[in-house]
Amino acid sequence: MSTVSMIFGALGGVILLLMFVWLVVALHMAYTKMDALFQYLKNSPAITVLAFWKHAGPSGRLRMIGNIAHYVSSPRRGIENGTISAEDIENLPAPIKRKLVILRRSVVLLSGSLVLLWCIAKIFGLR
């Protein structure tokens, strides 16, 4: 195995490890902050519909926290079509809002970097 293959393997391993850490953080937030999130976002129809996933186990909780993080990090389209209340987004406490935005951006960054690493490895013929 070449040195370049080892480097790409190590980078892929680090990214997968960070994705696992992200998963743990997202689940922790989904289980500890969900009631507060629903309380702050109670006037947003798109969020109240997600309450169904609360009883769907860990995968449902991940789906809920992911959707809420998406709505909080980019609320413009939801506000324009009326599914998100602008007052709810503004009244959300800054620490929770910041955590949700970081959660959303980090999963996009990690997924994108893993795909990019795989594409580069395929282009250079690494296994």
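Scanning the stretch 42-69 for residues that are touching a helix residue (DSSP H, G or I) at 6+ places or on another chain (Cβ under 7 Å) and either buried (at least 19 other Cβ atoms within 10 Å of the Cβ) or of a type in the set (A, V, I, L, M, F, W, C) (or both) gives SER44, ALA46, ILE47, LEU50, ALA51, TRP53, ARG61, LEU62, MET64, ILE65, ILE68, ALA69.
From the list ARG104, ARG76, the lone residue that is surrounded by fewer than 13 Cβ atoms within 10 Å (Cβ to Cβ) and either out of contact with any Pro (no Cβ under 9 Å at 6 or more places or on another chain) or at pLDDT 90 or above (or both) is ARG76.
Annotation note: of ALA30, ALA69, ALA56, the sole residue that is of a type in the set (Gly, Ala, Ser), farther than 19 Å from VAL107 by Cβ and out of contact with any Gly (no Cβ under 8 Å at 6 or more places or on another chain) is ALA56. Taken as a whole, the condition of being within 22 Å of ALA94 (Cβ to Cβ), in a helix (DSSP H, G or I), in contact (Cβ under 8 Å) with a residue 24 or more places away in the chain and of a type outside the set (Phe, Trp, Tyr) does not apply to MET19. Scanning the stretch 22-44 for residues that are within 15 Å of GLY66 (Cα to Cα) and aliphatic (A, V, I, L, M) turns up LEU23, VAL24, VAL25, ALA26, LEU27, MET29, ALA30, MET34, LEU37, LEU41. Where residues in the stretch 112-127 are of a type in the set (Gly, Ala, Ser) and touching a residue at least 24 places away in the same chain (Cβ under 8 Å), which of them is farthest from PHE38 (Cα to Cα)? Checking each candidate, the answer is ALA121.
Can you tell me which residue is farthest from PHE20 (Cα to Cα) among those in the stretch 35-73 that are touching a residue at least 24 places away in the same chain (Cβ under 8 Å), out of contact with any Leu (no Cβ under 7 Å at 6 or more places or on another chain) and of a type in the set (Gly, Ala, Ser)? Within the stretch 35-73, the match that is farthest from PHE20 (Cα to Cα) is SER44.
The values are calculated or read from the model by the stated rules, or taken from the named source; none is laboratory data. What you see is a predicted model; the values in this text were computed from it and never measured. Virtual Cβ from ideal backbone geometry, glycine too; neighbours counted across all protein chains shown.
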